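What follows is a set of notes on a single structure, which appears directly below.
The values are calculated or read from the model by the stated rules, or taken from the named source; none is laboratory data. This one's a predicted model, so the numbers in the text were calculated from it and none came from an experiment. Virtual Cβ from ideal backbone geometry, glycine too; neighbours counted across all protein chains shown.
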Amino acid sequence: MNWAAVAAIYRFEMSRFFRTLLQSFISPVISTSLYFVVFGGAIGSRIDQVEGVSYGAFIVPGLVMLTVIMQAISNASFGIYFPKFIGTIYELLSAPINFLEIVMGYVGAAATKALFIGVVILVTSSFFVDLTIQHPLAMVAFLLLTCVSFALLGFIIGIWAGNFEQLQLVPLLVVTPLVFLGGSFYSIEMLPEVWQTITLFNPVLYLISGFRWAFFGLSDVPVGWSLAAIALFTSLCLTAIWWIFRTGWRIRS
C-alpha cells in the first residue's frame, strides 16, 4: 500500500476545503438554524412529541443525515470529476498507484469534509434542543459509515458524469427525495399502513433509523437491518468502483 500517494491525494483535496473553511462552517450553521425555525417552530408547535421525544430533538438525526449524505456525495463527485474535466486524471492513472489508493485518497477526504459538517450541525443543534445520546459509539459508527458509503457513491457519480449538470442530477432527483421520504423529520408509524410498507423499500430509511436509535433508543426498523443495509450498500459501491477501474469505463474515454 502506497500510503504516501494516499496522503498526497488526501491533502490536496482537503486543501481546497480549508481555503473555504469559513464558508463551510457558516453555511451548515445557518441552514440548521433555519430548519429549527421552520420545522421546530412551525411544525413543533403542533407536534409536541414523537414516541416520547420532543419533536425538535427528534429531527436532529434526520437533519444530520440529510446534510452529511449530500455533502459526502457532492464533495466526492466533484473531487474526481474535476481531474477528468481538466485531464489530470491521466497523471493519476499513469502513476505507480492502484485504484484502491486513489479511492482512499478521494473518498477519505470527502468523508472527512462530510463528517466535519455533521459535527457542526450536532453542535449547532445543541443550542436549540437538549440532546441525549444513549449510544455514542454507535452514533459515531453510523456517522462514519454513512460518510464513507455515500462518498463512495459520489465517487461513482463523479466518474459517470459527463458535465457539471449531471453531477447534481442524481443527488437532486434521487437522493434528496429518498432522504426526505426516509423518515428524516417524522416516524414512519405516523404514515398510513400502505405507505409504511412502501417506505420500507427506501434504503435511506435504514440509515436514518439506525442513527436515530443511537440517540434515543428508538428506531423504525431493527438496528441489525440498518447495519446490514449500510454494509450491503458499501459493498455494492466498492464492487462498482472496482469494475470501473478494471474496465476503464468513463475514465479512459
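Contact map, the stretch 153-172: first residue under 19 Å from ARG246 (Cα atoms), second residue not in a helix (DSSP H, G or I), Cβ cut-off under 9 Å, separation 6 or more or different chains; pairs are ILE159/TRP249; ILE159/ARG250; ILE159/ILE251; TRP160/TRP249; TRP160/ARG250; ALA161/ARG250. Just to be sure before I move on: is GLU91 at pLDDT below 90 and part of a helix (DSSP H, G or I) in the structure I sent? It is true that GLU91 is at pLDDT below 90 and part of a helix (DSSP H, G or I).
Among the conditions (1) aromatic (Phe, Trp, Tyr); (2) within 30 Å of ASN2 (Cα to Cα); (3) within 15 Å of the chain's Cα centre (by Cα), PHE180 misses just one, which is (2).
Taking VAL120 as the residue in question, decide whether it is more than 17 Å from THR234 (Cα to Cα) and buried (at least 19 other Cβ atoms within 10 Å of the Cβ). Considered against the rule, which asks whether it is more than 17 Å from THR234 (Cα to Cα) and buried (at least 19 other Cβ atoms within 10 Å of the Cβ), VAL120 comes out as yes.
Can you say whether PHE82 is without any contact (Cβ under 8 Å) to a residue 24 or more places away in the chain and assigned to a helix (DSSP H, G or I), as far as the supplied structure shows? Answer is yes for this residue. Residues in the stretch 161-190 that are more than 17 Å from TRP213 (Cβ to Cβ) and among the aromatic types (Phe, Trp, Tyr) were compared, and the one that is surrounded by the most Cβ atoms within 10 Å (Cβ to Cβ) is PHE180. In the condition set (1) out of contact with any Cys (no Cβ under 6 Å at 6 or more places or on another chain); (2) within 27 Å of HIS135 (Cα to Cα); (3) assigned to a helix (DSSP H, G or I), ILE47 is compliant with all but (3). Of all the residues in the stretch 215-246, those that are buried (at least 18 other Cβ atoms within 10 Å of the Cβ) and not hydrophobic (A, V, I, L, M, F, W, C) number 3. Inside the stretch 181-230, residues that are touching a residue at least 24 places away in the same chain (Cβ under 8 Å), outside any loop (DSSP other than H, G, I, E, B) and of a type in the set (Gly, Ala, Ser) make up a count of 5.
Checking each residue in the stretch 13-38 for being of a type in the set (Phe, Trp, Tyr), under 20 Å from ALA76 (Cα atoms) and either touching a residue at least 12 places away in the same chain (Cβ under 8 Å) or not in a helix (DSSP H, G or I) (or both) picks out PHE17, PHE25.
Return yes when ARG250 is charged (D, E, K, R) and outside any loop (DSSP other than H, G, I, E, B) and no when it is not. No: the conditions fail for ARG250. Filtering the stretch 1-10 to residues that are surrounded by 12 or more Cβ atoms within 10 Å (Cβ to Cβ) and not in a loop (DSSP other than H, G, I, E, B) leaves ALA5, VAL6, ALA7, ALA8, ILE9, TYR10.
This table checks each residue for (1) at pLDDT 90 or above; (2) surrounded by fewer than 17 Cβ atoms within 10 Å (Cβ to Cβ).
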| position | (1), (2) |
| --- | --- |
| ILE102 | yes, no |
| ALA111 | yes, no |
| ALA138 | yes, no |
| ALA141 | yes, yes |
| CYS147 | yes, no |
| LEU153 | yes, no |
| ILE159 | yes, no |
| PRO192 | no, yes |
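Please go through the stretch 194-212 and pick out each residue that is of a type in the set (Val, Ile, Thr) and loosely packed, with under 12 Cβ neighbours inside 10 Å. Passing the criteria: VAL194, THR197. Only residues that are closer than 27 Å to MET1 by Cα and of a type in the set (S, T, N, Q): list them for the stretch 75-134, please. Once the filter is applied, which keeps residues that are closer than 27 Å to MET1 by Cα and of a type in the set (S, T, N, Q), the stretch 75-134 yields ASN75, SER77, THR88, SER94, ASN98, THR112.
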